[in-house]
1. Could you list, in sequence order, the residues of region 1-46 that are under 15 Å from Arg65 (Cα atoms) and part of a strand (DSSP E or B)?
2. When you check Arg60 against the structure, is it basic (Lys, Arg) and out of contact with any Leu (no Cβ under 8 Å at 6 or more places or on another chain), yes or no?
Amino acid sequence: MPTEQQLLVGAVMEGLVDLASMGIDPKDGSLRDDPNPMRLRTYEDEHLLLWYQTVPHRHRIYLKRVNV
């Protein structure tokens, strides 16, 4: 993956981590109200599509796949 795209993915992941640390999903709102908080989620914009998983008890996000 080219450096420019790696930087974009890194910036998006930082934002997702910040939101998850506050218990927020960018699409669905509160992670605390989600009956299945560890489900596979997607984030998309005009440049990329990410599949990721939040793990609330570990305070982490795992990146599963990236399409650019």
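1. Passing the criteria: Leu40, Arg41, Thr42, Tyr43, Glu44.
2. yes
Conditions tested, residue by residue: (1) touching a Pro at 6+ places or on another chain (Cβ under 9 Å); (2) hydroxyl-bearing (Ser, Thr, Tyr); (3) at pLDDT 90 or above; (4) surrounded by 11 or more Cβ atoms within 10 Å (Cβ to Cβ).
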| residue | (1), (2), (3), (4) |
| --- | --- |
| Leu8 | no, no, yes, yes |
| Ala20 | yes, no, no, yes |
| Ser30 | no, yes, no, yes |
| Arg58 | no, no, no, no |
| Ile61 | no, no, no, yes |
| Lys64 | no, no, yes, yes |
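The values are calculated or read from the model by the stated rules, or taken from the named source; none is laboratory data. Since this is a predicted model, take the numbers as computed values, not measurements. All Cβ positions, glycine included, derive from the backbone under ideal geometry; neighbour counts span all protein chains shown.
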